[in-house]
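Data block below; observations after.
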Amino acid sequence: MNRNVDHTQPKRRPILRPNASTVGSKNSLLITVKTAPDRVKHSRLFLVARVLVPWSYYHVTFFHFRRGSAFRFGITVAPLLLLLYALGLLDRFFERSFDREFEWPPYIDIREYVVNKLLHNKSSSTIGSVYLFENDWALSRPLISPYCNASTVGSKNSLLIIVKTAPDRVKNRQAIRSTWASPVFSQHGGFDIRTIFVMGSSPSNADLLRQESKDYGDLLVGKFIDGYRNNTRKFIQSIGYAHDYCNRNVPHVKYNVPYVLLVDDDYLISIPNLIAEVKKFAPHERLYTGWRFDSSPFRFVFHKHRVSLSNYPFDRYPPYVSAGAVLLTHQTVREFYHAIEYVRQYPYDDVYAGILAYMLGIYVRHNERFQFWGSGVPLSEIGSVVAIHGYSPEQLAEMFSS
């Protein structure tokens, strides 16, 4: 018997005991939190911490004051559900299969409609009488249009480059005009080349845009406020302009724009390599090429490109080409033009183009010469690359000056 123990004092037993079923193995840790009866919030805080680290190798038991079982279950599960929602995992559980269930408004055979439209069949007008336009071309006329340069259209050897930009990115446009879109490259390899810039409107820059249009005659400004979420409207504006380019001035032309390149204003374009690539395809081919993506929508709540199930309920996107640099033939432009009338818009222009291509049965061709990832490759070492992403106005000017 230990003589140092005072057996005259009564044993101090706790009134309440925690559940000890989770402690006892080698991989367990007991943490005792000193608290008080009125500090309930602090006890709950530790419970939340326990939920947020469910993958720990240790089972941690916290001392807290007993509540009803339903309350304890709720306070434990609610943070977990909130975490799953924030990570987008709950949305993943309710996604529909793209391969089995994909459909898109107006839920009709767009390919059949476009074929009949191109063949001038009367059956195409039947759809028009039943379904309203999603995108009426009559309402999509731009505020400002580039001047018509009829000398660069009409032959099979002509190329229209449409640069996606914004009203305040004047330096980017100036850098492009003085480098790869300069008059030096208006003709190359037997091709006539025209470069224009597409954007939305900006009330604060309206006067400056009108003056810039007078100075250069290369601005295409849509009747919508410029912004990232309106990039699809820029795409639609570009397709409409490429389809109708100088139609009123040159009505006899069979291929108004044989080839079209859609590109962002932070890209470096090698005109010689672009022309070499264009020569591989005929204008009547169904060409839709660039850097191809096969991806799924972002469900993470705090991601800037987060997509809700109400906007897109499927588990993946159709294949699409990065909107940074897209090469199209006249045939693809024509099919996109008629499909756009009825296919509902999607906020991301590259995915929307992918939806159009999927519904039309146009193959999405991956081309590694259209570099999506930024690069500092010198002009002398560009090789066969057509387009490279990630160049500031200063970098473009420096490369071409050297």
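Placing a label point 7 Å from the Cα of residue 300 along the Cα-to-Cβ direction, the residues of the range 78-117 whose backbone N falls under 11 Å of that point are 87-88.
On full extension, the segment bounded by residue 119 and residue 208 gains 27.7 nm, given 0.36 nm per residue less the C-alpha separation. Segment residue 316..residue 156, full-extension length gain: 53.9 nm, with 0.36 nm per residue of separation and the alpha-carbon distance subtracted. Overall, the ratio between the Cα radius of gyration of the range 162-205 and 2.2 N^0.38 Å, rounded to two decimals, is 1.33. Sorted from longest to shortest, the spans of the Cα atoms of the range 253-402 along the three principal axes equal 51, 46, 21 Å.
Estimated at 0.36 nm per residue, the fully extended path between residue 225 and residue 178 surpasses their Cα-Cα distance by 14.2 nm. Inter-label distance, residue 141 to residue 344: 2.9 nm, where each label sits 7 Å from its Cα along the C-beta direction. Applying 1/(1 + (r/R0)^6) with R0 = 22 Å to the Cβ-Cβ distance of residue 373 and residue 276 gives a FRET efficiency near 0.50. Students often get this wrong, so check it: of 171/214; 280/304; 171/279, which have C-alpha atoms separated by over 28 Å? Going by Cα-Cα distance, 280/304; 171/279 fall outside the 28 Å limit.
Here each label is just a point 7 Å from Cα along the line to Cβ, and for residue 103 and residue 188 those points are 4.7 nm apart.
With R₀ set to 25 Å, the beta-carbon distance separating residue 92 from residue 366 gives a calculated FRET efficiency near 0.40.
Using the Cβ-Cβ distance between residue 284 and residue 392 with R0 set to 45 Å, the FRET efficiency works out to roughly 0.75. Can you pull the percent of Cα pairs in the range 314-402 with separation above 19 Å? That fraction is 50 percent.
Bear in mind that the values in this text are calculations on the coordinates, not laboratory data. Just so it is clear, the model here is predicted, and its values are computed rather than measured. Quick reminder, even Gly has a Cβ in these numbers, built from the backbone with ideal geometry, and neighbours come from all protein chains shown.
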